[in-house]
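A short worksheet on the structure shown next.
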Amino acid sequence: MEISNARIFRGNAFLPGSLWIEDGKICRFSWDSSEGGNQDEAGFRMTEGKKWDAPGPAGQEAGSREPLDPAGGSQCQNSERPNPTLIDGVLDGEDGFLIPGLIDLHFHGCLGLDVCDTGDASMGEAEAMELFRRIAEYELSSGITGIAPATLTLPAEDLKRTLRRARAFRDGEHGKNEASLCGLNMEGPFISHEKKGAQNGKYILPADAVLAEDFLESSGGLVKILGLAPEENPDFSAYISALKDRAHISLAHTNADYETAMRAFRAGADHAVHLFNAMSAISHRAPGVPGAVFDSANVRAELIADGIHVHPAMVRLAFRLLGRERVVMISDSLRCVGMPDGKYMLGGQAIRKEGRYCRLEEGGAIAGSVSNLMDCLRTAVLEMGIPLESAVTAASENPARVLGVFESMGSIEEGKAADLVLLRNRPGTREHLQVAAVFKNGELIRPQAVL
């Protein structure tokens with residue numbers, strides 16, 4: 001199969017050319033010409049060959065003054081086009097952007113389903129496998145070709161049941177329409193009561209290396225990230241030392257001060273859950289966890305760019321201070337993604353989805369996101385002024401490196417799986433950066449809809 005007439009993401013730049021796929025893998029390239037491109041003061045390459053302005057008033061795109069509608073995307077003519085068609089083994093990319101499939105290493109569910117539903121003892125094995133399959137199919141249809149769902153703070157036995165069932169799903173047979181299960185992200189239960197956010201405080205536990213080993217064993221190695229609030233665990237250095245070679249230790253839902261966070265990072269923690277959210281705040285006299293993240297070159301940080309969780313200025317600040325190499329874009333999406341507004345449940349607590357918001361019914365705290373990772377990528381680029389190149393790296397290569405799967409996915413290179421997404425290149429229309437086609441292991445997958 002050949003994908004022709006596309007802007008292929010290689011070496012942190014988009015280059016015009018063609019790509020060939022054989023036996024599900026990328027096998028070779030042909031380049032039309034080399035393109036330069038401007039760079040801003042942080043070294044970011046500008047996709048549109050222009051320098052981003054400071055953001056305009058709320059509802060306006062950085063780099064332009066064209067208003068955005070409340071759901072994102074410009075308010076202008078929507079010239080709908082059919083999806084690209086494969087003819088005689090060749091797909092015309094129509095000058096679109098060909099990027100690696102995205103990888104979401106922190107989300108909870110979609111379509112009314114949460115991965116932690118599988119921890120319920122009353123759910124049968126077949127029903128649990130079907131739940132994982134439906135989530136994996138939805139994610140792939142959205143351009144997310146690899147997933148690592150996050151678990152909630154729940155009873156330990158329920159968590160272990162979810163981990164065992166995730167392991168069984170990974171080891172089972174899969175259809176071509178499913179995203180790959182690349183890992184699991186254990187957000188709880190070793191978190192802070194003060195910064196629990198929408199996690200259920202009834203099930204928060206002190207950090208326990210023996211229990212963490214049980215989690216790792218139950219998952220058959222699928223758990224790649226273990227969350228920790230160091231300030232609530234006086235012996236956190238020993239805990240980190242015991243587990244850091246088995247999984248990434250992540251500062252999660254933590255009220256640690258800068259000094260405590262730095263001690264945790266020096267002990268071997270190397271990841272931070274959703275930067276700025278459910279953690280100590282950054283200020284000029286008390287830098288908190290964010291300041292420790294910025295000061296620790298070995299630490300990667302998750303970032304929710306849904307337009308709700310983090311102000312666009314702080315998203316830009318994170319990319320500038322961490323560089324594109326250390327930001328891991330996530331969705332933190334909940335079961336209400338792809339569902340109508342209304343009441344849902346999250347770890348035994350009632351939540352309510354209203355438009356782009358989802359909050360706890362009791363207390364009103366933001367519970368999570370209602371956007372998938374592809375939605376977040378578009379929001380980061382179109383509403384926040386993040387260069388497309390940087391956003392793609394943060395949503396594909398960086399999570400692949402965290403999950404230990406970069407040798408096979410996360411970038412467009414010869415010999416890697418042909419997990420690819422073609423985005424439309426239609427500036428000035430609602431179609432710009434919409435998903436035109438998804439490839440999984442070289443198979444052309446139709447999105448359920450042009451989102």
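Here is the figure for region 385-411: residues that are more than 15 Å from Leu322 (Cβ to Cβ) and either at pLDDT below 95 or of a type outside the set (D, E, K, R) (or both) total 13. With the checklist (1) part of a helix (DSSP H, G or I); (2) within 19 Å of Gly17 (Cα to Cα); (3) not β-branched (Val, Ile, Thr) in hand, flag the one item Leu433 doesn't pass. Unmet condition: (1). Screening Lys176, Lys160 for residues that are assigned by TED's automatic domain parsing to the domain that holds Ile351, crowded, with 16+ Cβ neighbours inside 10 Å and either out of contact with any Leu (no Cβ under 6 Å at 6 or more places or on another chain) or modelled with pLDDT of 95 or more (or both) leaves exactly one candidate, Lys160. Can you name the residue in region 163-173 that is among the hydrophobic types (A, V, I, L, M, F, W, C) and closer than 15 Å to Gly124 by Cβ and is also surrounded by the most Cβ atoms within 10 Å (Cβ to Cβ) among such residues? So the residue we want is Phe169.
For Ile308, the conditions (1) at positive phi; (2) buried (at least 17 other Cβ atoms within 10 Å of the Cβ) are fulfilled apart from (1). Restricting attention to region 228-239 and to residues that are in contact with a Phe, Trp or Tyr (Cβ under 9 Å, 6 or more places away or on another chain) and of a type in the set (A, V, I, L, M), the residue that is farthest from Lys196 (Cα to Cα) turns out to be Leu228. Only residues that are closer than 19 Å to Gly385 by Cα and not in a strand (DSSP E or B) were counted across region 296-337, and they come to 23.
The residues in region 251-295 that are in contact (Cβ under 8 Å) with a residue 60 or more places away in the chain and not in a loop (DSSP other than H, G, I, E, B) can be counted, and the count is 3.
Restricting to region 193-212, give me the number of residues that are more than 21 Å from Glu361 (Cα to Cα) and touching a residue at least 40 places away in the same chain (Cβ under 8 Å). The total comes to 2.
Check Ser192 against each of (1) crowded, with 24+ Cβ neighbours inside 10 Å; (2) farther than 30 Å from Asn5 by Cβ; (3) touching a Leu at 6+ places or on another chain (Cβ under 9 Å) and name the one condition it does not meet. (3) is the only condition that Ser192 fails.
Among the residues of region 198-232 satisfying the criterion of being part of a loop (DSSP other than H, G, I, E, B) and surrounded by 21 or more Cβ atoms within 10 Å (Cβ to Cβ), which is modelled with the lowest pLDDT? Residue satisfying both the conditions and the ranking: Ala198. Using the structure shown, decide if Leu334 is buried (at least 23 other Cβ atoms within 10 Å of the Cβ) and in contact with a Gly (Cβ under 7 Å, 6 or more places away or on another chain). So Leu334 passes the test.
In region 420-430, the residue that is nearest to Leu98 (Cα to Cα) out of those that are part of a loop (DSSP other than H, G, I, E, B) and touching a Ser or Thr at 6+ places or on another chain (Cβ under 8 Å) is Arg426. Taking every residue in region 300-323 that is in the same structural domain as Ser371 (by TED's automatic domain parsing) and modelled with pLDDT under 95 and pairing it with any residue that is charged (D, E, K, R) and buried (at least 23 other Cβ atoms within 10 Å of the Cβ), at least 6 positions away or on another chain, yields no pair with a Cβ-Cβ distance below 8 Å. Being of a type outside the set (A, V, I, L, M, F, W, C) and over 16 Å from the mean Cα position of the chain (by Cα) holds for only one residue in Arg352, Arg326, and it is Arg352.
Conditions tested, residue by residue: (1) surrounded by 24 or more Cβ atoms within 10 Å (Cβ to Cβ); (2) within 22 Å of Ala313 (Cα to Cα).
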residue: Gly347; (1), (2): no, no
residue: Ala350; (1), (2): no, no
residue: Gly355; (1), (2): no, no
residue: Gly363; (1), (2): no, no
residue: Ile366; (1), (2): no, yes
residue: Met374; (1), (2): yes, yes
residue: Pro387; (1), (2): yes, yes
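The values are calculated or read from the model by the stated rules, or taken from the named source; none is laboratory data. Because the structure is predicted, anything quoted here is derived from the model rather than measured. Virtual Cβ from ideal backbone geometry, glycine too; neighbours counted across all protein chains shown.
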